[in-house]
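The values are calculated or read from the model by the stated rules, or taken from the named source; none is laboratory data. Here the structure is a predicted model, which means the values were calculated and not measured. Don't worry about glycine lacking a Cβ; one is built from the backbone with ideal geometry, like all the others, and counts go over all protein chains shown. With ligands, DNA and RNA removed, areas are computed over all heavy atoms of the protein, side chains included. Shrake-Rupley method; radii C 1.70, N 1.55, O 1.52, S 1.80 Å.
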Amino acid sequence: MGYVSAVPPPRSDASAEPGPEPEAANSRSSRRSVAAALLLGALGATVVLLASGRVWARGTAAIGSDSLRLSADGRAVTGLPAALAIVGLAALVAVFAVRGKSRLLVSGLLALSGLGAALSALFGSDGRSALDAQAVRTTADSAAHVAGLTQTTWPYVTAAGAVLILAAGLLALRFGSGWPSMGGRYERDGSPRPRAVAAVDPDRPEDLWKALDRGEDPTADPTADPTADPGGDRTR
């Protein structure tokens, strides 16, 4: 017969120390995703709006024997990136104002705004049509056109900022269901709220009548437990 000890075996340090609670880990992950989405969305929209105001294309237009140098900024070439960046900013704010399926739809709009801004900046960055229109206005010649067309790097900077907006939208689609809502603290959870009982002065008849109108017993003890047995503990 083997030896049996009544003393429990010692616990190792790994088993003695409790691991991190899942709720705390989820809360930290939610805060990180919220911060990342806000940073990416705001930074991306700022980059798109600023880069859209820079010169995207340059060229020259012939005026007789001379040539005139022309330039067009991003908003003259295509106004879509700046417009979609504003839509993305509005969607980024609206993500925290809605819940459920509405939040999913707004998150999708945020991602699509970034995607559309990036594509329009890349595929609409030629600038030839904008410079041709500027050459016609400048020379008053309907047949004028731009020559020596060159492009700057600002369309690609705009596209990079739009990709940040897209990343914010993807974060909202992935983690947005666990993000807090701006109006959540003001919403009722459906549970009944305790009603404050007004103090009744037994020496004032009007207080007694008001208590009776409210359905209260003005002679009851306000500190008594309403669930207690009024008869007390009786021996049967």
In whole percent, and with a 1.4 Å probe on the protein chains, what portion of the accessible area of the stretch 49-120 is carbon and sulfur? 66 percent
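Extension gain Arg28-Arg137, at 0.36 nm per residue separation less the Cα-Cα distance, in nm? Before the final figure, lay out the partial values.
Numbers: separation 109, 0.36 × 109 = 39.24 nm, distance 5.77 nm.
Full extension from Arg28 to Arg137 adds 33.5 nm.
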How many nm is it between the label spots at Arg128 and Ala90, if each spot is 7 Å from the Cα in line with the beta carbon? 3.4 nm
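When a/c reaches 1.5 or more, the comparison of a/b and b/c decides; with that in mind, is the stretch 53-106 rounded, prolate or oblate per its Cα gyration tensor? All intermediate terms of the calculation are to be shown ahead of the outcome.
Working: a/c = 8.62, a/b = 5.94, b/c = 1.45.
It comes out prolate by the Cα gyration axes.
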Once you put a point 7 Å from the Cα of Tyr156 and another 7 Å from the Cα of Val55, both along the Cβ direction, what distance in nm separates them? 1.8 nm
